[in-house]
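Student: Handing you a structure now.
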Amino acid sequence: MAGAHYCLDNLFCFIDCNNQQADGPPAHIMGIEPIHEKWAAFGWQTQRIDGNDIAALLTALETAKAAKGRPHAIVLDTLMGKGVPLFEQREKNHFIRVDAAEWAIARDQLEAGA
């Protein structure tokens, strides 16, 4: 609220929505939607993008910089481990331990997607 009150248009907040949490199964994730509408209700200029898409992120930053007089919230819908199917499909990506064999698989998967 203070950011909007003081017209802090140089203030940016990035909200990572990856549908995972560090300490429990996905079914126990606290509901936060519609998160972009909540930020907008506090006076923030909001956008929601594919957070794994660098071009979309750059476009969102340019759009935000053009919007004067309000702080900016960019909601990033992300997939943890993007580009490495081994990790994309694994739960609890916040705490994974990757062994040597998995690193080799991950490198192969990244190279195949490049």
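The values are calculated or read from the model by the stated rules, or taken from the named source; none is laboratory data. For clarity, every value in this text was computed on a predicted model and none was experimentally measured. Positions of Cβ are backbone-derived with ideal geometry, glycine not excepted, and every protein chain shown enters the neighbour counts.
Student: When the residues of region 65-86 are filtered to those that are more than 16 Å from the chain's Cα centre (by Cα) and either closer than 29 Å to PHE12 by Cβ or without any contact (Cβ under 8 Å) to a residue 12 or more places away in the chain (or both), which remaining residue is surrounded by the most Cβ atoms within 10 Å (Cβ to Cβ)?
Tutor: Here is the first cut: in region 65-86, the residues more than 16 Å from the chain's Cα centre (by Cα) are 65-71, 84-86.
After this cut, where a residue has to be either closer than 29 Å to PHE12 by Cβ or without any contact (Cβ under 8 Å) to a residue 12 or more places away in the chain (or both) as well, the list is 65-71, 84.
Details: LYS65: 12, ALA66: 9, ALA67: 14, LYS68: 8, GLY69: 10, ARG70: 19, PRO71: 25, VAL84: 20.
My answer is PRO71.
Student: When you scan region 3-114 for strands (runs of 3 or more DSSP E) that lie fully inside it, which ones turn up with 1 or more residues that are polar (S, T, N, Q)? Show your work before the answer.
Tutor: Details: elements: 12-17, 45-50, 72-77.
Hits in region 3-114: 45-50.
Student: When you scan region 36-45, do you find a residue that is at pLDDT 90 or above, farther than 20 Å from ARG90 by Cα, crowded, with 18+ Cβ neighbours inside 10 Å and polar (S, T, N, Q), even just one?
Tutor: yes
Student: Now a separate question. So which residues in region 91-114 are surrounded by 13 or more Cβ atoms within 10 Å (Cβ to Cβ) and within 30 Å of TRP39 (Cα to Cα), if there are any at all?
Tutor: Residues satisfying the conditions are LYS92, ASN93.
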